[in-house]
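The values are calculated or read from the model by the stated rules, or taken from the named source; none is laboratory data. What you see is a predicted model, and the numbers here were worked out from it, not measured in a lab. Here the Cβ positions follow ideal geometry from the backbone for every residue, glycine too, while neighbour counts run over all protein chains shown.
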Amino acid sequence: MTNKADRTYDVNIKRLALLTLPTWLRRPLAGALIYAGVAPLGRLLQELRAYRSATSYRLSHNGQVCKLRGTLNDEFDPEQRRIKIEDSDGAEILEVSAIHMREVGRWTMLSRRGAGAASIHREGFSGTSGYDFWVTVPEELRVAEMETRLRAVVNMYKLASKRYAINYK
């Protein structure tokens, strides 16, 4: 279903150019010349429609988890839709967490959870990993160019204050 604004740009340039000719000039040779003259306008109109569609899609999506997940799956895995967004509390941490202890003067590894886990109480501290969410991508989609595009899409839609990491499973 298209709205009225989209129908405004639904113009057949070739037909419009032919209809603006006087009737006595509407011959095959004159029509071919007119078509050749307006072909670049048709291409520009097609690019404008594609730009409007992409802009409309980008504006209708935001940093919500469901919309970010949908956008990433639409872009990178449209058939199987395996890309997930996991919160830092519920995600399985694949990285080692470490803190620097001043009194010892070296980095110390921390247990993830359970027995022996260190408890850090500091105002404004949001966890030892430093990430607010993880983007979990299947291992089959691991390509250097794809990761660059993935980071660009996530950076476009995420909130500015949120930090993330990309995990491959």
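Some points to look at:
- Considering the stretch 59-119, the qualifying strands (runs of 3 or more DSSP E), each wholly inside and each with 2 or more residues that are within 19 Å of residue 152 (Cα to Cα), at pLDDT 75 or above and of a type outside the set (Asp, Glu), run over 84-87.
- Residue selected from the stretch 1-30 under the condition of a type in the set (Gly, Ala, Ser) and modelled with pLDDT of 90 or more, by the criterion surrounded by the most Cβ atoms within 10 Å (Cβ to Cβ): 17
- Cβ-Cβ under 7 Å pairs, at least 6 apart or on other chains, the stretch 10-21 side part of a helix (DSSP H, G or I), far side surrounded by 11 or more Cβ atoms within 10 Å (Cβ to Cβ) and among the charged types (D, E, K, R): 18/26
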